[in-house]
Amino acid sequence: MRQCVLSVLLWVGPALVLGADPATVEFESLPGPRMEGGRPLMEVLRDRKSTRELSADPVSREQLANLLWAGFGVNRPQTGQRTAPCTMNLRSIDIYVVTAEGAYRYDAEAHRLVVVSRQDVRTLTGGQDYVKVAPVALLYVADHARLATKVEQPAEQSFYAAVDAGLIGENVYLCCASEGLGCVIHMPGDRTALSQALGLRPDQQVVLAHSVGHSAK
Ligand SMILES: Cc1cc2nc3c(=O)[nH]c(=O)nc-3n(C[C@H](O)[C@H](O)[C@H](O)COP(=O)(O)O)c2cc1C
């Protein structure tokens, strides 16, 4: 009996972490990220910029996979450590992906997408016109429960969350420059509506949004 309870707990564990009914958790696979090549770093730094004139042309699945891995993917599988540094190795930021097809959480360990919504909530991601056009919005979402394991003060948690999100954002900027994509990091729109749409817990906060697409110029 004890073994049976344990097996059930092991089976539902990951889904409970997501706060969802295990029967309804859906995943989407991503192509493996490109970990070699790309444009030389100094050229990419030369070209990095914010682009607010974005077209509706789709971002390919390969490009999305590269952006997510560059942003906060696992680059040391032995330890699970990431492409961006993070406060006390708490990995407090999750990247959410918002497209016309739905909203997803990037599961960095498995390099796949966890479906959180089948609605197009891109207009909630910011207050400027480009959010209506950009095919992809990335959201940098802080998990204060993770931060609270080592950082007591809420103000300090928010400080570290903002720093961690900024570091991920710069990785995404550089990957966009390498991929020939345009992007702009920005404040999220209505945080309450966004949190509801993504099914976030009260101790999760959308720190920054990052609209990505092809330059319209
Ligand atoms: C924390 C942060 C918040 C930002 N918020 C916005 C924003 O709400 N809207 C926007 O259009 N750009 C926003 N930006 C982009 C900056 O305006 C942009 O990086 C700056 O003008 C410099 O331009 P560059 O990125 O092309 O060098 C933000 C950038 C950062 C780092």
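Derivation of every value follows stated rules applied to the coordinates shown; laboratory data play no part. In this text, all values refer to a predicted model and were calculated from it rather than measured experimentally. All Cβ positions, even for glycine, are placed from backbone atoms using ideal geometry, and neighbour counts span all protein chains on display.
Against the condition within 16 Å of the ligand (Cβ to nearest atom), closer than 26 Å to Arg46 by Cβ, over 14 Å from the mean Cα position of the chain (by Cα) and among the aliphatic types (A, V, I, L, M), how does Val184 come out, does it pass? Talk me through it step by step, then tell me what you get.
On the way: within 16 Å of the ligand (Cβ to nearest atom): yes; closer than 26 Å to Arg46 by Cβ: yes; over 14 Å from the mean Cα position of the chain (by Cα): yes; among the aliphatic types (A, V, I, L, M): yes.
Here the answer is yes, as Val184 does meet what is asked.
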Practice item. Output the qualifying pairs, or none if there are none: Cβ atoms under 6 angstrom, residues six or more apart or on different chains, first residue in the range 191-217 and hydroxyl-bearing (Ser, Thr, Tyr), second residue crowded, with 20+ Cβ neighbours inside 10 Å and assigned to a strand (DSSP E or B). Key: Ser211/Ala137; Ser211/Val184; Ser215/Gly182
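Of the residues that make up the range 136-148, is at least one among the hydrophobic types (A, V, I, L, M, F, W, C) and farther than 24 Å from Trp69 by Cβ? If you could, list the steps in order and put the result at the bottom.
Taking the range 136-148 as the starting set, the residues that turn out to be among the hydrophobic types (A, V, I, L, M, F, W, C) are 136-139, 141-142, 145, 147-148.
With the extra rule that they be farther than 24 Å from Trp69 by Cβ, the set shrinks to 145, 148.
Yes, some residue in the range 136-148 is among the hydrophobic types (A, V, I, L, M, F, W, C) and farther than 24 Å from Trp69 by Cβ.
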Review point. What pairs come up if the first residue lies in the range 43-72 and is over 18 Å from Ala209 (Cα atoms), the second is assigned to a strand (DSSP E or B) and not hydrophobic (A, V, I, L, M, F, W, C), and their beta carbons are under 8 Å apart, counting only those six or more places apart or on different chains?
Key: Asp57/Gly213
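Which of the residues belonging to the range 119-134 are more than 13 Å from the ligand (Cβ to nearest atom) and of a type in the set (S, T, N, Q)?
Of the range 119-134, the ones more than 13 Å from the ligand (Cβ to nearest atom) are 119-124, 132-133.
Selection gives Gln119, Thr123.
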**Study point:** Subset of the range 106-127 (residues that are touching a strand residue (DSSP E or B) at 6+ places or on another chain (Cβ under 7 Å) and either over 14 Å from Phe27 (Cβ atoms) or small (Gly, Ala, Ser) (or both))
**Key:** Ala108, Ser117, Gln119, Val121, Arg122, Thr125, Gly126
Practice item. Give me a count of the residues in the range 53-72 that are touching a Lys or Arg at 6+ places or on another chain (Cβ under 8 Å) and within 16 Å of the ligand (Cβ to nearest atom). Key: 1
Point to revise | Qualifying residues in the range 27-52 (those that are among the hydroxyl-bearing types (Ser, Thr, Tyr) and within 16 Å of the ligand (Cβ to nearest atom)) - the one surrounded by the fewest Cβ atoms within 10 Å (Cβ to Cβ) | key: Ser50
